[in-house]
Amino acid sequence: MGSKIVPSVSHFVTASSRWVWPVLETLHFLGLILIVAAIGGLNLRLLGFVKDLPVAPLHRLLPWGIAGLVINIITGILFFVGMPFFYAWNPLFHLKMAGVVVAGATLVLFNCTSAFRSWATLGPGEDPPAVAKFIAASSLILWLVIIVLGRYLPLTQESLRAGP
């Protein structure tokens, strides 16, 4: 039974309707918006922007970022199943996935562990420790790289269409 599921999903994603792929892309983009809004705002505050705002309200947005990550994982799996040869042999995809793993783990760790608790209590005008600023800057750069790599993936489609 399992050997029939993947081809069926692949057919659904790529050939059942001309609307499936664009709908998945739209959902993927909406997930990215949730991630960037939640993480971007928090990271910018930790870097010293909008210092009048306490960190706690931005920290409460992290579950929305995690929801966006879940949406993107689901749609990303469907993209992969739809065009496995394109993604499996694409070095840009491999780099993007490495970035997503690191950035996603950071997002979940910030929300689900006590590692972030001391930063979450920063009030208006307070500066976070240097390590928080470093992590915030790294996170912003990493998400930017992930977005750029994702946008460049379609440009490699013709050269990788045939597989290995």
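The values are calculated or read from the model by the stated rules, or taken from the named source; none is laboratory data. Quick caveat, the model's predicted, so the values are computed rather than measured. Every residue, glycine as well, gets a Cβ built from its backbone with ideal geometry; the counts of neighbours run over all protein chains shown.
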Exercise. Identify, please: which residue in the stretch 64-82 is over 13 Å from the mean Cα position of the chain (by Cα) and of a type outside the set (Val, Ile, Thr) and is, among those, surrounded by the most Cβ atoms within 10 Å (Cβ to Cβ)?
Worked result: Phe79
For this session: Report, by residue number, each residue of the stretch 119-142 that is out of contact with any helix residue (DSSP H, G or I) (no Cβ under 6 Å at 6 or more places or on another chain) and of a type in the set (A, V, I, L, M, F, W, C).
Result: Leu122, Ala130, Val131, Phe134, Ile135, Ala137, Ile141
Problem set entry | Meets criteria (farther than 30 Å from Pro22 by Cα and at pLDDT below 90) for Pro164 | no
For this session: Looking for whichever is at negative phi, free of Cβ contacts under 8 Å to residues at least 12 places away in the same chain, part of a helix (DSSP H, G or I) and not aromatic (Phe, Trp, Tyr) here; the options are Ile71, Ile141. Which one fits?
Result: Ile141
Problem set entry | Extreme residue, farthest from Cys112 (Cα to Cα), among residues of the stretch 44-66 that are at pLDDT 90 or above, assigned to a helix (DSSP H, G or I) and touching a helix residue (DSSP H, G or I) at 6+ places or on another chain (Cβ under 6 Å) | Arg45
Exercise. Which residue, of Phe93, Phe86, is farther than 15 Å from Gly31 by Cβ, at pLDDT 90 or above and of a type in the set (Phe, Trp, Tyr)?
Worked result: Phe93
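Quick grid of which residues meet (1) in contact with an Asp or Glu (Cβ under 7 Å, 6 or more places away or on another chain); (2) aromatic (Phe, Trp, Tyr); (3) exposed (fewer than 14 other Cβ atoms within 10 Å of the Cβ); (4) modelled with pLDDT under 90:
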| site | (1), (2), (3), (4) |
| --- | --- |
| Met1 | no, no, yes, yes |
| Thr14 | no, no, no, yes |
| Pro22 | no, no, yes, yes |
| Glu25 | no, no, yes, no |
| Ile35 | no, no, no, no |
For this session: Identify the single condition in (1) assigned to a helix (DSSP H, G or I); (2) surrounded by 14 or more Cβ atoms within 10 Å (Cβ to Cβ) that Phe85 does not satisfy, given that it satisfies every other one.
Result: (2)
